[in-house]
Amino acid sequence: MKILHLLPYLPTPAKYGGAIRIYHILKHLTANHEVTVAGYSNSGDMDLFRKSFPDLHGRMHFMKRSKTRFHRLQQFYSLLTTHSYWYNRAQSKALELQLNDLLSRRDYDIVLSEFAAMGHFDLDTDAIRILDAHNVEYDNFRRMSLLEWSAVRRKFYEREHKRSFQEEMSIFNKQTAVFATSERDSEIIRENSSGVSHFVIPNGVDTGYFKPNASATEPFSMVFTGAMSYVPNVDGMIFFLKKIFPLVKRVIPEAKIYIVGGNPPPFLTRYRSDSVIITGYVDDVRPFIDRAGVYVVPLKMGSGTRLKVMEALAMKKPIVSTSIGCEGIDVKNEEHLFIRDEADTFASAVIQLMEDSRQQMKFSNNGYDLVKNKYDWKVIGDTIEESLDALQKETYPV
């Protein structure tokens, strides 16, 4: 198949959720199809991208997105428009013209857009249009509007939620099909789109990269990994440090938490101490996951599915998560991990795992088997092929 793949940024290096998913999908597509890529190149390493995808030589068409030096000013400007800030950031007539020029010069079988932000363009094509919806953005904004620690942010996300709903639904309805990362997201999208095909293409993990290590764990240690510029991650860590960690420390004074991820805001870094290690950006999260006794996912908001959970499972780490933290992943409470939503029960589950090696072993083995059999990117590649084949043969569900 001839595929035009639209990217909101370069997925190299593949160090965080969206980039990891794009990277592995593009790796699969270039190995099996004739792919052209287009989109924005502001974020990421172009030299690394060329080295990672040599088959794309001569088939790369990127442009620079307008700079966002005055991020807050642009958010304020969006308040004066009829659109959400999220939607305003997605607009680019120049890129739309470039894409239509590409489509006029060559016939493509499929146009695959990553994120709703790349699916809004009006394209003159008969190709099958697929949106890979990493999140349901308006649902994510709805959850972020429940923030407890910032009234200003809460109001902003209330507005984003209200305005982005119609915008995102319009984007979904431009597509032939939508790929969602979970059944939950797929059901939400299906409720508000008609005549569109729906497939679940889960997030995955490279089990050759994230794999168990025989090194000893640090006693009474926990870890959380994720971009700390992302509101759901920061909110989860504030919840953990204010409500959960003190309960753990009361029983296990030696307990410590490693918070690993780039751009932690000042109101988070003020919690730094001998028992709260906030690393900032690291090149490789695996040593931090490997040394920890328990991986914690105390998220109260977010959309899509969390790759961090599958990475921890692939490294045989016992996990305590909220329901939202492991949402959309086929894990079962007390079989693969502990699922706890209240601060006291979350803390009790952490303490139990720290003290119960049998429970640790059970979760480690069950979780590893799950990701190896269902969430390895090679397995997900087969699911992608089945979906593309169904779309070409018009045997897809609506």
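Conditions (1) among the aliphatic types (A, V, I, L, M); (2) surrounded by fewer than 18 Cβ atoms within 10 Å (Cβ to Cβ), marked per residue:
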position	(1), (2)
P219	no, yes
I238	yes, no
P265	no, yes
G293	no, no
Response to the item:
With criteria (1) over 30 Å from S186 (Cα atoms); (2) touching a Phe, Trp or Tyr at 6+ places or on another chain (Cβ under 9 Å); (3) not polar (S, T, N, Q), Y281 comes up short on (2)
Discussion item. Take N173 and tell me if it is surrounded by fewer than 19 Cβ atoms within 10 Å (Cβ to Cβ) and more than 27 Å from V260 (Cα to Cα).
Written reply: yes
Discussion item. Can you list residue pairs whose Cβ atoms sit under 7 Å apart, with the first residue in segment 116-129 being farther than 16 Å from G195 by Cβ and open to solvent by 20 Å² or more (accessible area, probe 1.4 Å) and the second being of a type in the set (F, W, Y) and modelled with pLDDT of 95 or more? Count only pairs 6 or more apart in sequence or on different chains.
Written reply: T125/Y108
Worksheet item: Out of all the residues in segment 356-398, which are polar (S, T, N, Q) and part of a helix (DSSP H, G or I)?
Response: S357, Q359, Q360, S364, N365, N366, N373, T383, S387, Q392
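Tally up the residues in segment 205-228 that are over 30 Å from E254 (Cα atoms) and in contact with a Gly (Cβ under 9 Å, 6 or more places away or on another chain), please.
Here the count works out to 0.
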Discussion item. Can you pull out every residue in segment 10-30 that is aliphatic (A, V, I, L, M) and either touching a strand residue (DSSP E or B) at 6+ places or on another chain (Cβ under 7 Å) or in contact (Cβ under 8 Å) with a residue 60 or more places away in the chain (or both)?
Written reply: I20, I22, I25, L26, L29
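To keep it simple, each residue is scored yes or no on (1) in contact with a strand residue (DSSP E or B) (Cβ under 7 Å, 6 or more places away or on another chain); (2) outside any helix (DSSP H, G or I); (3) at pLDDT 95 or above.
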site	(1), (2), (3)
A38	yes, yes, yes
N42	no, yes, no
F49	no, no, yes
H61	yes, yes, yes
R65	yes, yes, no
Fill in: Residue selected from segment 131-153 under the condition open to solvent by 70 Å² or more (accessible area, probe 1.4 Å) and part of a helix (DSSP H, G or I), by the criterion farthest from H120 (Cα to Cα)
V152
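If I ask for residues that are touching a residue at least 60 places away in the same chain (Cβ under 8 Å) and out of contact with any Leu (no Cβ under 6 Å at 6 or more places or on another chain), which ones from segment 369-387 would you list?
K372, K374, Y375, D376, W377, V379, I380, G381, T383, I384, E385, S387
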Worksheet entry | Residue in segment 352-386 that is nearest to Y23 (Cα to Cα), counting only those that are open to solvent by less than 20 Å² (accessible area, probe 1.4 Å) and over 21 Å from the mean Cα position of the chain (by Cα) | S364
Worksheet item: Which of (1) at pLDDT 95 or above; (2) more than 14 Å from V223 (Cα to Cα); (3) touching a Lys or Arg at 6+ places or on another chain (Cβ under 7 Å) is the odd one out, the single condition N333 does not satisfy?
Response: (3)
Discussion item. Of all residues being part of a helix (DSSP H, G or I) and basic (K, R) in segment 5-36, which is most open to solvent (accessible area, probe 1.4 Å)? Just the residue, please.
Written reply: K27
Worksheet item: Could you list, in sequence order, the residues of segment 221-234 that are of a type in the set (G, A, S) and either open to solvent by 10 Å² or more (accessible area, probe 1.4 Å) or on the phi > 0 side of the Ramachandran plot (or both)?
Response: G226, A227, S229
Practice prompt. Would you mention how many residues in segment 177-196 are open to solvent by 10 Å² or more (accessible area, probe 1.4 Å) and over 16 Å from the mean Cα position of the chain (by Cα)?
Written response: 8
Worksheet item: Looking only at residues in segment 104-119 that are of a type in the set (A, V, I, L, M, F, W, C) and farther than 15 Å from F62 by Cα, which one is modelled with the lowest pLDDT?
Response: A117
Discussion item. Considering only residues that are part of a loop (DSSP other than H, G, I, E, B), under 24 Å from P246 (Cα atoms), of a type in the set (G, A, S) and open to solvent by 30 Å² or more (accessible area, probe 1.4 Å), which ones fall in segment 318-351?
Written reply: S323
Item to complete: Within segment 279-323, count every residue that is touching a Cys at 6+ places or on another chain (Cβ under 7 Å) and free of Cβ contacts under 8 Å to residues at least 40 places away in the same chain.
Response: 1
Worksheet item: Checking T305 against (1) closer than 21 Å to K374 by Cα; (2) at pLDDT 95 or above, which test does it fail?
Response: (2)
Worksheet, complete the sentence: Within segment 89-115, restricting to residues that are assigned to a helix (DSSP H, G or I), open to solvent by 20 Å² or more (accessible area, probe 1.4 Å) and among the small types (G, A, S), the one that is nearest to E167 (Cα to Cα) is A94
Fill in: Scan of segment 197-209 for residues that are open to solvent by 20 Å² or more (accessible area, probe 1.4 Å) and not aliphatic (A, V, I, L, M), ordered by number
F199, P202, D206, G208, Y209
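The values are calculated or read from the model by the stated rules, or taken from the named source; none is laboratory data. The model shown is predicted, which means the values in this text are computed figures rather than measured ones. We place every Cβ from the backbone using ideal geometry, glycine too, and count neighbours over all the protein chains shown. Each accessible area value is taken on the protein alone, full model and side chains, heavy atoms only, with ligands, DNA and RNA left out. Shrake-Rupley method; radii C 1.70, N 1.55, O 1.52, S 1.80 Å.
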